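*Asks:* Provided herewith is a single structure, encoded as structure tokens, for subsequent inquiry.
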Amino acid sequence: MADLTTKYLGLSMSNPLIVGSSGLTDSVDNILELEKAGAGAVVLKSLFEEQIMLEVDASLKEAYKNDMIYSAKSETLDYIDVHIRERTMGAYIELIKEAKDKAMIPIIASINCVSSAEWTNFANQFEEAGADALELNIAILPTDENTDAKDIEDTYVDIVKKIKQKINIPVAVKISPYFTNLSRMVKKIGDAGADGIVMFNRFYTPDYDINNFSEKSSDTFSKSSESGNVRRWMGIISPKVDCDLSATTGVHSSEDLIKNLLAGAVTAQLVSAIYKNGKEQIQKILGGLNEWMDEKGYNTIEQFRGKLSQAETSNPSAYQRIQFMKYFSEIR
Ligand SMILES: Cc1cc2nc3c(=O)[nH]c(=O)nc-3n(C[C@H](O)[C@H](O)[C@H](O)COP(=O)(O)O)c2cc1C
């Protein structure tokens with residue numbers, strides 16, 4: 001049996017698989033089951049920055065209740081449902097405390113935010129409740145044609161700097177791939193003090209019902225084929241940054257996990273695979289990783305992590321190729 005132990009954000013984990021932020025991680029019972037199923041850590045379901053402010057501002061509470069608080073921006077972005085609307089910061093803090101009390105694996109709290117506003121003053125409460133780390137899901141959809149890209153990028157950096165001033169636990173930042181120069185952006189977030197980057201957020205995407213002329217949601221769950229873009233950027237970015245990279249989106253099998261590790265990921269997060277196949281998928285994936293490592297003669301993940309990243313691979317130009325000239329010309 002290979003040694004799968006992993007250090008992510010300075011936290012000791014028995015293996016590199018994290019159950020990602022979702023409804024799977026919103027109760028202590030679920031978390032304990034995930035731990036039993038073999039998860040190396042969990043990221044709790046996100047609390048929204050607006051929810052933190054609700055706790056301190058009664059007028060905000062009123063606006064929130066009347067549905068006035070969500071800008072089109074945040075509304076299009078996320079998974080806001082009745083369930084999450086009902087959760088308060090107090091309940092979230094209790095969740096962290098109880099999870100820390102009962103589970104042995106690292107518990108990573110998660111906040112979904114779009115600004116570095118006043119909510120950051122309350123971040124220390126997550127630390128005090130015992131969270132081992134904080135994952136910031138920063139999701140700004142730039143729909144305003146009058147806002148400069150630099151201003152939006154600065155918001156990410158500001159949030160990280162502010163939070164790092166307020167808390168001592170490690171901070172990971174979950175981002176999307178939609179930046180003009182993603183490598184630069186990741187470097188800026190790292191320079192601002194982030195201990196980890198989670199790549200990539202998977203957004204709600206509107207689809208159409210062409211018979212009823214209405215809008216509907218596209219697939220809630222990812223497919224393994226979506227992991228290619230994560231792999232590309234993991235491979236390009238991992239040799240360039242000091243912080244830990246965690247892969248999310250499209251990790252469904254041991255092969256997906258191994259590929260991300262080969263690209264340089266420190267951990268990988270699972271959500272859709274568990275919704276689709278149950279918690280047993282964790283053991284299946286870890287079993288596959290173990291078998292593959294035994295077959296290749298690896299005792300630890302460090303022995304092969306990043307082996308196919310752009311800096312290590314024998315074919316670095318594969319990462320630069322975005323047009324399919326060679327392949328297209330060969331297809332008849
Ligand atoms: C039902 C559901 C709820 C989710 N809730 C959150 C959330 O609260 N915060 C967050 O950062 N990501 C959330 N996500 C995104 C996941 O954490 C993950 O990044 C995304 O699903 C891609 O990973 P996957 O391919 O393993 O599903 C959610 C995803 C799903 C399917």
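*Asks:* Take every Cα pair under 8 Å in the chain that's 6+ residues apart, average their separations, divide by the length, and report that relative contact order as a whole percent.
*Replies:* Once divided by the residue count of the chain, the mean separation gives 18 percent.
*Asks:* Then there is this: Give the relative contact order (percent, whole number) for the stretch 160-262; include only Cα pairs under 8 Å separated by 6+ residues.
*Replies:* It rounds to 27 percent for the stretch 160-262.
*Asks:* Shifting gears a bit: Calculate the length of the line joining the C-alpha centroid of the stretch 270-316 to that of the stretch 185-256, in whole Å.
*Replies:* Using only Cα atoms to place each centre, the spacing works out to 17 Å.
*Asks:* Given 25 °C and 0.890 mPa s, how large is the Stokes-Einstein diffusion coefficient of the stretch 195-294 in µm²/s, with Rh as the Kirkwood radius over Cα pairs? The partial results should precede the final answer.
*Replies:* Working: Rh = 14.6 Å.
For these conditions, the coefficient is 168 µm²/s.
*Asks:* Now, a different point. What is the packing order of peptides 39-49, 23-33, taking the mean over residues of other C-beta atoms within 10 Å and listing the highest first?
*Replies:* 39-49, 23-33
*Asks:* Taking only Cα atoms and a 10 Å spring cutoff, compute GNM fluctuations for the chain and point out the largest among S110, S254, S317.
*Replies:* Result for the chain, Cα springs under 10 Å: S317 fluctuates most.
*Asks:* From the helices alone, meaning DSSP H stretches of at least four residues, give me the mean residue ellipticity at 222 nm for the chain, per-run term -39500 (n - 2.57), in deg cm²/dmol to the nearest 500.
*Replies:* -11500 deg cm²/dmol
*Asks:* Also, I was wondering about something else. Please work out the Cα convex hull volume for the stretch 235-301 and give it in Å³ per residue.
*Replies:* About 85 Å³ per residue, rounded to a whole number.
*Asks:* For the pairs K187/K307; K100/K259; K45/K223; K240/K307; K100/K162; K216/K259, note any where the Cα-Cα span goes beyond 23 Å.
*Replies:* Numbers: K187/K307 21 Å; K100/K259 31 Å; K45/K223 21 Å; K240/K307 14 Å; K100/K162 25 Å; K216/K259 33 Å.
Violating the 23 Å limit, Cα to Cα: K100/K259; K100/K162; K216/K259.
*Asks:* Which order, highest average first, do 9-20, 262-273 follow once you tally other Cβ atoms within 10 Å for each residue and take the mean per peptide? Could the numbers behind the result be given before it?
*Replies:* On the way: 9-20: 22.7, 262-273: 25.7.
In decreasing order of mean packing, 9-20, 262-273 become 262-273, 9-20.
*Asks:* Which helices, taking whole DSSP H runs in the chain, have alpha carbons extending 18 angstrom or more along the helix axis plus mean Kyte-Doolittle at least -0.5?
*Replies:* For the chain, where a helix must reach 18 Å along its axis and average at least -0.5, the hits are 89-102.
*Asks:* Using θ = phi - 60° and the Karplus curve 6.51 cos²θ - 1.76 cosθ + 1.60, what whole-Hz ³J(HN,Hα) does each residue of the stretch 8-17 get, with Gly and Pro shown as x?
*Replies:* Listing the rounded values in order: 10, 6, x, 8, 7, 10, 6, 7, x, 8 Hz.
*Asks:* Got a number for carbon plus sulfur as a percent of the stretch 6-330's accessible area, 1.4 Å probe?
*Replies:* Answer for the stretch 6-330 is 49 percent, counting heavy atoms of protein chains only.
*Asks:* Moving to a separate point now. So which residue, out of A318, A123, A247, gets the largest mean-square fluctuation from a GNM of the chain using Cα contacts under 10 Å as springs?
*Replies:* Comparing A318, A123, A247 in the GNM, the peak value goes to A318.
*Asks:* Stokes-Einstein at 37 °C, 0.692 mPa s, Kirkwood radius from Cα pairs: D for the chain in µm² s⁻¹?
*Replies:* Taking Rh from Cα pairs, D becomes 159 µm²/s.
*Asks:* Reachable aspartates and glutamates from K279, Cα under 19 Å, same-chain residues fewer than 8 places away excluded?
*Replies:* Hits, sequence-local ones excluded: D26, D29, E33, E35, E255, D256.
*Asks:* A follow-up question, please. With a 10 Å radius around each residue's Cβ, average the other Cβ atoms per peptide and rank 209-220, 278-289, highest first. Don't jump to the answer; show the numbers that get you there.
*Replies:* Details: 209-220: 8.8, 278-289: 17.8.
Put in order of decreasing packing, that is 278-289, 209-220.
*Asks:* If you average the sequence gap of Cα pairs under 8 Å that are 6 or more apart and divide by the length of the stretch 221-283, what percent do you get for the contact order? Mind showing how you got there, number by number?
*Replies:* Numbers: 79 pairs, mean separation 22.2, N = 63.
Relative contact order of the stretch 221-283: 35 percent.
*Asks:* When the dipole is taken about the Cα centre of the chain, and only Lys, Arg (+1) and Asp, Glu (-1) are charged at their Cβ, what size is it in debye, to the nearest 20?
*Replies:* 1100 debye
*Asks:* Residues of the stretch 249-329: accessible area per residue at 1.4 Å, in Å²?
*Replies:* Value for the stretch 249-329: 53 Å² per residue.
The values are calculated or read from the model by the stated rules, or taken from the named source; none is laboratory data. Owing to the predicted nature of the structure, the values given are computational and were not obtained by experimental measurement. Cβ coordinates were reconstructed from backbone atoms using ideal geometry, including for glycine residues, and neighbour counts include every protein chain displayed. When the accessible area is computed, the model is the full protein with side chains, heavy atoms only, and any ligands, DNA or RNA have been set aside. Shrake-Rupley method; radii C 1.70, N 1.55, O 1.52, S 1.80 Å.
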